[in-house]
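What follows is a single structure, written as structure tokens, with notes after it.
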Amino acid sequence: MLKPEWEAKHAFVETPCEIVSAKLIESRNKKGSLLYRPEFHVRYTVEGKVYEQDTYRIVKSSSSSKSSNQAVVDEFKVGGTYPCWYDPKNPTRVVVDRSFSVLSLVFTGIGAFLAGIAILALLVNAVKFVLAISFLAAKK
């Protein structure tokens, strides 16, 4: 999940975008709870070609907080021009927010923690092995 967000942050190219429309998208999760996410219809030009796309972040994640997602929608004025970032390999991929989602950071943190535990376990076993060999060599 982190790879597309990393790409958007480091490989996408900045260009001005016009906000054509802004809305709050509602959906339901498997339990039936309402989820929300902002979405913007943007117009931008790359190498003389005009593109129009619906976007916000590269990963379309939703949350249960209607007010915080509505606040994001309200930050952008329809008709206004704001920076956006497009994929130079595929200019139809565009974002108005390159930040990492909380979920991606949580999963990355969990992965790093588990990797750390695995490395620590390997080191402990390596030390035990070296001590066992040293003990056996000392007995001879």
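Couple of notes before you dig in:
- Test: residue in segment 62-78 that is farther than 15 Å from residue 24 by Cα, assigned by TED's automatic domain parsing to the domain that holds residue 6 and outside any strand (DSSP E or B): no
- The number of residues in segment 9-21 that are in a strand (DSSP E or B) and touching a residue at least 60 places away in the same chain (Cβ under 8 Å) comes to 7.
- If you go through segment 22-61 and keep only what is part of a strand (DSSP E or B), loosely packed, with under 12 Cβ neighbours inside 10 Å and of a type in the set (S, T, N, Q), you end up with just 27.
The values are calculated or read from the model by the stated rules, or taken from the named source; none is laboratory data. The structure displayed is predicted, hence computed values, not measured ones. Note that we place each Cβ from the backbone using ideal geometry, even for glycine, and neighbour counts take in every protein chain shown.
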